Amino acid sequence: MTRFSGNYDVFLDFTGSFLRVWINELFLCKLRFMEVPSEIMIRYIERRKRDLEECLSSLQKNSYENIERVGHQLKGNGATFGHPKLSMIGKKLEQAAQVQDLENLEKALKEFSQWVHSLH
């Protein structure tokens, strides 16, 4: 993990390149100056509440695929909507679900729940 501009994490993978990092950083810089309309943000937050309930239900059913999907989505859209911590939680959910790591999955779900409840 490499930190850029102090607020956002850009992840390099084995297929990444300097150009990809530069494009990601440029995109993140532009996002800092964009405001998400409040009605869209309200819908976004409501969707995350449903995602949390879906993940908790999926955990009870040992349905790791659903949790992995939600984690992947959170990882991709959290920072876009101004919530980089949610992107990190999504990454943890996705990775733990992929390997069915119950201990880390429960930790990540607890973080997700705390994030959701911090918005009230």
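The values are calculated or read from the model by the stated rules, or taken from the named source; none is laboratory data. Here the structure is a predicted model, which means the values were calculated and not measured. Every residue, glycine as well, gets a Cβ built from its backbone with ideal geometry; the counts of neighbours run over all protein chains shown.
Pairing each residue of the range 34-54 that is in the same structural domain as residue 74 (by TED's automatic domain parsing) with any residue that is surrounded by fewer than 13 Cβ atoms within 10 Å (Cβ to Cβ), provided the two are 6+ apart or on different chains, yields C-beta distances under 6 Å for 45/119. Can you name every residue in the range 95-120 that is at pLDDT below 95 and under 21 Å from residue 65 (Cα atoms)? Hits for the range 95-120: nothing passes.
Is there a residue being in contact with a Phe, Trp or Tyr (Cβ under 7 Å, 6 or more places away or on another chain), touching a residue at least 24 places away in the same chain (Cβ under 8 Å) and crowded, with 16+ Cβ neighbours inside 10 Å anywhere in the range 94-111? Yes, the range 94-111 contains a residue that is in contact with a Phe, Trp or Tyr (Cβ under 7 Å, 6 or more places away or on another chain), touching a residue at least 24 places away in the same chain (Cβ under 8 Å) and crowded, with 16+ Cβ neighbours inside 10 Å.
Annotation for the range 74-83: at least one member residue is at pLDDT below 95, crowded, with 16+ Cβ neighbours inside 10 Å and outside any helix (DSSP H, G or I). Candidates 6, 71: the one that is on the phi > 0 side of the Ramachandran plot and either at pLDDT below 50 or not in a loop (DSSP other than H, G, I, E, B) (or both) is 6.
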